[in-house]
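Working notes for the structure below.
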Amino acid sequence: MSMWLVLFVMYLFGNIIFVSKHKHLLIILLSLEFIVLSIFFLMMMVLMMINYNMYMLMVFLVFSVCEGALGLSILVSMIRTHGNDYFQSFNLI
């Protein structure tokens with residue numbers, strides 16, 4: 001029961017960091033990866049509890065790695081075009 005609470009707190013802290021007003025894109029990307037990690041552990045616990053095979057976890061990991069690579073490529077392109085990763089230095093429109 002305590003493992004479920006730890007996973008819920010991990011997910012909650014990741015969402016709190018993501019929703020709060022941070023200036024850096026890297027902090028937001030790290031909070032998204034933290035949320036993905038907590039969801040991965042939650043899925044692993046559920047799939048192990050119902051004795052289901054872990055192919056769904058492999059698909060989830062593939063999508064999360066693609067999401068991480070896409071986020072890092074956006075970060076690199078922003079740093080190259082604007083010089084930093086602050087949200088205040090460029091127009092989002």
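The values are calculated or read from the model by the stated rules, or taken from the named source; none is laboratory data. Every value quoted in this text rests on a predicted model; they were computed, and no experiment measured them. With ideal geometry, Cβ positions are generated from the backbone for all residues, glycine too; neighbour counts draw on all protein chains shown.
See the values below:
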item	result
Every residue from region 15-30 that is at pLDDT 90 or above and of a type outside the set (Val, Ile, Thr)	Asn15
Residues within region 72-93 that are of a type in the set (Val, Ile, Thr), modelled with pLDDT under 80 and in contact with a helix residue (DSSP H, G or I) (Cβ under 9 Å, 6 or more places away or on another chain), tallied	0
Residue list for region 1-29, restricted to those being part of a helix (DSSP H, G or I), among the small types (Gly, Ala, Ser) and loosely packed, with under 12 Cβ neighbours inside 10 Å	Ser2
Residues satisfying the stated conditions in region 1-36, i.e. closer than 27 Å to Met49 by Cα, of a type in the set (A, V, I, L, M) and free of Cβ contacts under 8 Å to residues at least 12 places away in the same chain	Met1, Leu5, Val6, Val9, Leu12
Number of the condition not met by Tyr55 [criteria: (1) loosely packed, with under 12 Cβ neighbours inside 10 Å; (2) under 21 Å from Val76 (Cα atoms); (3) not polar (S, T, N, Q)]	(2)
Residue count, region 30-57 (criterion: polar (S, T, N, Q) and either outside any helix (DSSP H, G or I) or touching a Lys or Arg at 6+ places or on another chain (Cβ under 6 Å) (or both))	2
